[in-house]
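Chemist: This is the structure, below, for whatever I ask next.
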C-alpha cells in the first residue's frame, strides 16, 4: 500500500520532499526509489501511445 500511495502522490505532482515526509523516510534517496517506478510507467504509457 505504501508503494501504491507513493506512486499516486508522485503522479499527482506532489513534491518528492512532501512524499518523503508522508512516508517517513529519513533519506530522500529512499523516496527517490519511487521516482524510478514512476518514470518507467511514464515511458510505458508514452510507448503504448506511439510517442516514443
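The values are calculated or read from the model by the stated rules, or taken from the named source; none is laboratory data. Remember, predicted model here, so these are calculated numbers, not experimental data. In this analysis, Cβ positions are derived from the backbone assuming ideal geometry, glycine residues included, and neighbour counts consider all displayed protein chains.
Chemist: Here are 7, 52: which of them is at pLDDT below 90, part of a loop (DSSP other than H, G, I, E, B) and touching a helix residue (DSSP H, G or I) at 6+ places or on another chain (Cβ under 9 Å)?
Modeler: Of 7, 52, the one residue that is at pLDDT below 90, part of a loop (DSSP other than H, G, I, E, B) and touching a helix residue (DSSP H, G or I) at 6+ places or on another chain (Cβ under 9 Å) is 52.
Chemist: Among the residues of region 18-45, what is the count of those that are out of contact with any helix residue (DSSP H, G or I) (no Cβ under 6 Å at 6 or more places or on another chain) and without any contact (Cβ under 8 Å) to a residue 12 or more places away in the chain?
Modeler: Result for region 18-45: 15.
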